[in-house]
Each structure stands twice: as structure tokens, then as C-alpha cells.
Amino acid sequence: MMWRGKRFTLPSASEFPLAAIEAEEEGKVLLSLRMILGDEQYKTWRGLATTAADAEHFSQTIMRELGRGNP
């Protein structure tokens with residue numbers, strides 16, 4: 001998926017690590033994103049994201065891209 005001019009490669013929803021889903025359920029959005037993206041992509045994303053709103057928008061974009069949750 002593209003976000004702010006950068007391409008991010010995501011696992012399919014069925015391949016999300018269970019720990020990432022648990023972290024998301026516990027409100028640990030950044031930990032969940034790190035687990036989904038992996039260290040290198042997370043560093044790239046973190047260089048673009050500077051606010052809580054950025055994290056929320058990125059998470060919503062992921063869910064919309066994968067067809068999970070409410071966009």
C-alpha cells in the first residue's frame with residue numbers, strides 16, 4: 001500500500017501475527033504496527049509519522065486496504 005508517497009508491504013490479514021492483533025486490542029497501536037511492518041518498514045513509517053493522528057490514519061489505511069474493520 002502507499003502512504004505519504006512511500007510503499008509499504010503488508011502481510012495478508014490471515015497472516016497477521018496474533019501478537020499484533022492482541023497488541024491492537026490492548027490499545028498498543030505502535031507495538032502492533034511494528035509487528036506488522038517489521039523493523040525496517042517501521043523505521044520508514046516512523047520517519048513519516050509524527051502524531052497520534054498519523055498512527056490512527058495509517059492504521060485505518062491498513063484496515064481499509066485489507067478489508068478488515070471499519071475504514
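The values are calculated or read from the model by the stated rules, or taken from the named source; none is laboratory data. Please read all numbers here as calculations on a predicted model, not as lab measurements. Note that each Cβ is placed from the backbone with ideal geometry, even for glycine, and that neighbours are counted across all protein chains shown. For accessibility, only protein heavy atoms count, side chains too; no ligands or nucleic acids. Shrake-Rupley method; radii C 1.70, N 1.55, O 1.52, S 1.80 Å.
In Å², what does the accessible area per residue of the stretch 16-68 work out to with a 1.4 Å probe?
60 Å²
Relative to the Cα centre, what is the charge dipole magnitude of the chain, using +1 at the beta carbon of each Lys and Arg, -1 at the beta carbon of each Asp and Glu, and rounding to the nearest 20 debye?
About 360 debye.
When the accessible area of the stretch 16-68 is split by element with a 1.4 Å probe, what percent falls to carbon and sulfur?
Values: 1660 of 3160 Å².
The C+S portion of the solvent-accessible surface of the stretch 16-68 is 53 percent.
List the residues, sorted by chain then number, that are 5 or more residues from Trp3 or on another chain and whose placed amide H is less than 5 Å from its amide H.
Sorted by chain and number, the residues that satisfy this are Phe8.
At Ala19 and Leu31, where each label point lies 7 Å from the Cα along Cα→Cβ, what is the point-to-point distance in nanometres?
So the label points at Ala19 and Leu31 sit 1.0 nm apart.
Project the alpha carbons of the chain onto their principal axes and report the range along each, largest first, in whole Å.
27, 22, 21
Kindly provide the helix-only [θ] at 222 nm of the chain, computed as the sum of -39,500 (n - 2.57) over DSSP H runs of four or more divided by all residues, to the nearest 500 deg cm²/dmol?
So the calculated ellipticity at 222 nm is -19500 deg cm²/dmol.
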